[in-house]
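Visitor: The structure is given below, and queries will be raised subsequently.
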Amino acid sequence: MSESVRSFERGLRVIRSFTAEAPEQTLAQVARATDLNRATARRFLMTLEELGYVRRVGDRFALSPRVLDLGYAYVSSFGVPQLALPYLEKLSEQVNEASSVGVLDDTEVVYVARVPAKRVMTVSIGLGTRFPAYRTSLGRALLAALPDDEVAAIFDRSDRREPTPRTVTGLEALRARLAEVRERGYALVDQELELGVRSIAAPLRDATGRTVAAVNVSTHVNRTGKQELQQRFVPALLRAVADIEHALANRPT
């Protein structure tokens, strides 16, 4: 790896060290989180501050809003999140639950668009939130489009810590669930990510038929039984996906 590429990788490591759990960090904390010595960590922090991506708060550092430009560049170039939003809003209004678009990033599903439910208490999920793909409806809708050997490799690398009592724990069981997704056209995950949470998701395909993302609706077991989920939510989800796919196929080039 060339020194310039290594420096770029280290700079990204510094940016990614700031999380919801550690929004502000001292130089020592950044060095520890990135496995860099203090002098190197300080050099990257100073550069990021000069570029406007990091701000200083006393003896602590924090990301600045300019970092959002990096994520917005992806959202803009990908196109699907912006295009999908009005359809997600309609879907969320129909079922009175949150709806989202997610993409696969190695072993994780990443939320790239989301419309929260119009209720006082909702699950705290925002843009950029990541979960292990194998135990989410969004992830399974995406994994179902992959060949078996790729699914096996992803499952092998996945973070399988802290499963719920309902979480699929074996590769063959996961393959069986993915076969169901391919057969019925959507994934249903019942309390495998978190107890009390049910969700459904369907793959979103481009004009060539390639799966590029997935759309989901999540709910709580106390609000929605599995029968209502399948009889009322699934048709609404599949209509929204069809509308987004139509818009995707007919957008100006």
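The values are calculated or read from the model by the stated rules, or taken from the named source; none is laboratory data. What you see is a predicted model; the values in this text were computed from it and never measured. Using ideal geometry, Cβ is built from the backbone for each residue, glycine included, and neighbour counts are taken over all protein chains shown. The area values use the complete protein model at the heavy-atom level, side chains included, leaving out ligands, DNA and RNA. Shrake-Rupley method; radii C 1.70, N 1.55, O 1.52, S 1.80 Å.
Visitor: When you scan the stretch 51-85, how many residues do you find that are open to solvent by 40 Å² or more (accessible area, probe 1.4 Å), at pLDDT 85 or above and assigned to a helix (DSSP H, G or I)?
Guide: 2
Visitor: Check the stretch 166-181 and report whether any residue there is open to solvent by 70 Å² or more (accessible area, probe 1.4 Å), assigned to a helix (DSSP H, G or I) and within 18 Å of L138 (Cβ to Cβ).
Guide: As a first pass, look at the stretch 166-181 and keep what is open to solvent by 70 Å² or more (accessible area, probe 1.4 Å): 166, 169, 172, 177, 180.
Narrowing the set further to residues that are assigned to a helix (DSSP H, G or I) leaves 172, 177, 180.
From what's left, within 18 Å of L138 (Cβ to Cβ): 177, 180.
Within the stretch 166-181 (the criterion being open to solvent by 70 Å² or more (accessible area, probe 1.4 Å), assigned to a helix (DSSP H, G or I) and within 18 Å of L138 (Cβ to Cβ)), the answer is yes, since at least one residue qualifies.
Visitor: Is it the case that some residue within the stretch 210-221 is farther than 28 Å from K118 by Cβ and either out of contact with any strand residue (DSSP E or B) (no Cβ under 8 Å at 6 or more places or on another chain) or in a helix (DSSP H, G or I) (or both)?
Guide: yes
Visitor: While we're on this one: Starting from residues that are in a loop (DSSP other than H, G, I, E, B) and within 13 Å of the chain's Cα centre (by Cα), keep the ones in the stretch 106-123 and report whichever is modelled with the highest pLDDT.
Guide: Only one residue fits best here, namely T107.
Visitor: Across the stretch 233-253, which residue is nearest to G185 (Cα to Cα) among those that are in contact with a helix residue (DSSP H, G or I) (Cβ under 7 Å, 6 or more places away or on another chain) and not in a loop (DSSP other than H, G, I, E, B)?
Guide: L237
Visitor: While we're on this one: I'd like the residue in the stretch 24-35 that is open to solvent by less than 80 Å² (accessible area, probe 1.4 Å) and within 28 Å of the chain's Cα centre (by Cα) and, out of all such residues, is farthest from R6 (Cα to Cα).
Guide: E24
Visitor: Among what's in the stretch 230-253 and is in contact (Cβ under 8 Å) with a residue 12 or more places away in the chain and of a type in the set (G, A, S), pick the residue that is surrounded by the most Cβ atoms within 10 Å (Cβ to Cβ).
Guide: Checked the stretch 230-253; the qualifying residue surrounded by the most Cβ atoms within 10 Å (Cβ to Cβ) is A240.
Visitor: Now for a different question. Taking the stretch 182-209 as the search range and keeping residues that are open to solvent by 50 Å² or more (accessible area, probe 1.4 Å) and in contact with a strand residue (DSSP E or B) (Cβ under 7 Å, 6 or more places away or on another chain), which one is modelled with the lowest pLDDT?
Guide: Among residues in the stretch 182-209 that are open to solvent by 50 Å² or more (accessible area, probe 1.4 Å) and in contact with a strand residue (DSSP E or B) (Cβ under 7 Å, 6 or more places away or on another chain), the one modelled with the lowest pLDDT is R205.
Visitor: Tell me yes or no: at least one residue of the stretch 17-29 is of a type outside the set (A, V, I, L, M), modelled with pLDDT of 85 or more and closer than 30 Å to A152 by Cβ. So that I can check it myself, show each step before the final result.
Guide: To start, the set of residues in the stretch 17-29 that are of a type outside the set (A, V, I, L, M) comprises 17-19, 21, 23-26, 29.
Retained after the next criterion (residues that are modelled with pLDDT of 85 or more): 17-18, 23-26, 29.
Now narrow it down to the ones that are closer than 30 Å to A152 by Cβ: none.
No, there is no match, as no residue in the stretch 17-29 is of a type outside the set (A, V, I, L, M), modelled with pLDDT of 85 or more and closer than 30 Å to A152 by Cβ.
Visitor: Residues in the stretch 155-163: is at least one touching a residue at least 60 places away in the same chain (Cβ under 8 Å), in a loop (DSSP other than H, G, I, E, B) and open to solvent by 40 Å² or more (accessible area, probe 1.4 Å)? Steps first, please.
Guide: Quick first cut of the stretch 155-163, residues touching a residue at least 60 places away in the same chain (Cβ under 8 Å) only: none.
No, the stretch 155-163 contains no residue that is touching a residue at least 60 places away in the same chain (Cβ under 8 Å), in a loop (DSSP other than H, G, I, E, B) and open to solvent by 40 Å² or more (accessible area, probe 1.4 Å).
Visitor: I would also like to ask the following. From (1) closer than 25 Å to P81 by Cα; (2) at pLDDT 95 or above; (3) surrounded by fewer than 18 Cβ atoms within 10 Å (Cβ to Cβ), pick out the condition that doesn't hold for E150.
Guide: For E150, the exception is condition (1).
Visitor: Next question. Kindly evaluate V221 against the criterion of being in contact (Cβ under 8 Å) with a residue 12 or more places away in the chain and closer than 17 Å to V103 by Cα.
Guide: Judged against the criteria, V221 is not a match.
Visitor: Quickly run through the stretch 210-225 and pick out the residues that are surrounded by fewer than 22 Cβ atoms within 10 Å (Cβ to Cβ) and either within 19 Å of L178 (Cβ to Cβ) or of a type outside the set (K, R) (or both).
Guide: Result: R210, T211, V212, H220, V221, N222, T224, G225.
Visitor: Working only within the stretch 183-237, note down all residues that are basic (K, R) and out of contact with any Ser or Thr (no Cβ under 8 Å at 6 or more places or on another chain).
Guide: Matches in the stretch 183-237: R184, R210, R223, K226, R232.
Visitor: Need the failing condition index for E93 against (1) at pLDDT 90 or above; (2) touching a helix residue (DSSP H, G or I) at 6+ places or on another chain (Cβ under 7 Å), just the number.
Guide: Every condition holds for E93 apart from (2).
Visitor: Here's another thing I want to ask about it. Find all pairs meeting these conditions: Cβ atoms under 6 angstrom apart; at least six residues apart or on different chains; first residue within the stretch 107-122 and polar (S, T, N, Q); second residue modelled with pLDDT of 90 or more and assigned to a loop (DSSP other than H, G, I, E, B).
Guide: Pairs that qualify, where the first residue is polar (S, T, N, Q) and the partner is modelled with pLDDT of 90 or more and assigned to a loop (DSSP other than H, G, I, E, B), are T107/S158.
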